[in-house]
Amino acid sequence: MNLFFLKYFHDTVKLKSVTEAASANHVTQSAISQGITQLEKSLSVSLLTHKRNSIKVTPEGEAVFEWSRTVFRNLEELKTRLQTNQNEYVGQVSFACSHSLALSILPELLAKFRELAPRVLPKVIFGHTGLIKNWIKQGEVEFGLVLDNDDLSSFSLELICSGAFRFYQSILRPMDQPITSCIFPPARSEVHLIKQLFLKQFGYEIATEMEICSWEVIAKIIQLTSSVGFLPDYVAWCSDKQTTLQLSNLDLNIPYLLYAAYPREEELTRNATLLLKITRETFTEKLTM
C-alpha cells in the first residue's frame, strides 16, 4: 500500500475537501484524486462517492479512515521518539472538554503537565458532549473528557473520577432557610431526576427560579444572590468559588462518572497517557478535600 495515497485519502476525509487536502500535501487536486483512485484499486473497494461540492465517505472508507488515523499518529510518534531521548515527552497532545470543566480544573492540569512534559504542545478545544464525540470520530482530537449522560458505547473509555450534581448556595444564605426554588439548566436528564427525588422526599415540587444554559453563569448568580443553584461539584472547585459557595442542607444529589473517551481499538499516545494520569490524580485530590 502506498502511504502517500493513504495520506491523501486521510487528509481529504479529515479536512472534508480535496482542495484542502491538496494544499496540506503541497500537490495538485488532480494528484489527490488520482492517489485516492489508486488506493481504491489496491484495496478493491470504493472509499468515497462524489457529489457536487461535497464528498461522502463509504462504510469501507470509514473503516480505512479509522485505521489510517492510527497509522499516521503512530508514525508521527515514532519519528519524534527516534529524534529525542526515549524517556522524554515530545510532540503534542490534543483533547476536548466542556467549557465549565476547563474553567474549573484545566489551568491546574496543564500547569502540572508542563512541569513533566515541557516539550509537548497541548491543543485543547471546548464544546458540549455531542461536539466532542464528533471531534473524536473525525480525528480532530485524541480524546475527550465527557460525562456519562450521553451514549458513549462507540468509544473506548477510561474512568477519570465519579462525582455528583448537587444543590449549592452562597455562604451568605442561611442554611436553615427553606428551599422552594432553584436555578436549573434547561432540559437535562439530571434536572428531571433531581426534581423527582425532591418531590418524593418533600412532597412538593421545587420551582424553577431561572433556566440558564451555563453552569458558570448559574454559579455566578448564586454567588451574588440568595438563590440556590443545581451544579456539578467540579464547578465549585474554582478558586473564586471555594470561599463564596457552599453545599445546601439538601441531602439530594445525582451522581455522575467522568470518562476519557477515545476511538475504539486505538491506543492512547504516551503524551495522552501522562495527561490522563495527571487528570485522574488531580480530580481524586479535589474530591477528597
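The values are calculated or read from the model by the stated rules, or taken from the named source; none is laboratory data. Source: prediction; values computed, not measured. Note that each Cβ is placed from the backbone with ideal geometry, even for glycine, and that neighbours are counted across all protein chains shown. Surface accessibility is based on the protein's heavy atoms, side chains included, excluding ligands, DNA and RNA. Shrake-Rupley method; radii C 1.70, N 1.55, O 1.52, S 1.80 Å.
Structure summary
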quantity	calculated
Residue list for region 142-175, given a label point 7 angstrom along the Cα-to-Cβ vector of N249 and an amide N cut-off under 13 Å	173-175
Cα-Cα over 21 Å, subset of K16/K51; K241/K286; K7/K277; K51/K123	K7/K277; K51/K123
Test item: Cα-centred dipole of region 146-246, Lys/Arg +1 and Asp/Glu -1 on Cβ, debye	340 debye
Within the accessible area of region 181-258 (1.4 Å probe), percent carbon and sulfur	56 percent
Cα-based shape type of region 47-187, given that a ≥ b ≥ c are square roots of the gyration tensor eigenvalues and the cut on a/c is 1.5	oblate
Carbon + sulfur, % of accessible area of region 1-152 - ligands and nucleic acids excluded, 1.4 Å	54 percent
Selected from L268, L109, Q34, residue furthest toward positive end of dipole (the chain; charges at beta carbon)	Q34
Fully extended contour minus Cα-Cα distance, from E115 to Q201, at 0.36 nm per residue	26.2 nm
Residue-averaged 222 nm ellipticity for the chain, from DSSP H runs of 4+ at -39500 (n - 2.57), nearest 500	-15000 deg cm²/dmol
Farthest toward positive dipole pole in the chain [+1 Lys/Arg, -1 Asp/Glu at C-beta], among G139, L6, V191	L6
Assigned charges on the beta-carbon of Lys, Arg, Asp, Glu; region 1-142 dipole about Cα centre (debye)	220 debye
Mean Cβ count within 10 Å, highest first, over the residues of peptides 140-148, 275-283, 112-120	140-148, 275-283, 112-120
At least 18 Å along the helix axis (C-alpha) and Kyte average at least -1.0, DSSP helices within the chain	29-43, 59-83, 99-116, 189-202, 270-287
Accessible area per residue, Å², the chain with all protein chains present, probe 1.4 Å	53 Å²
Label selected from (1) -0.25, -0.33, -1.09; (2) -0.37, -0.47, -1.03; (3) -0.43, -0.55, -1.14, the criterion being log10 I(q)/I(0) by the Debye sum over Cα atoms at q = 0.07, 0.08, 0.14 Å⁻¹ as computed here	(2)
Estimated distance in nm for a label pair at K123 and L224, the labels positioned 7 Å out from Cα along Cα-to-Cβ	3.7 nm
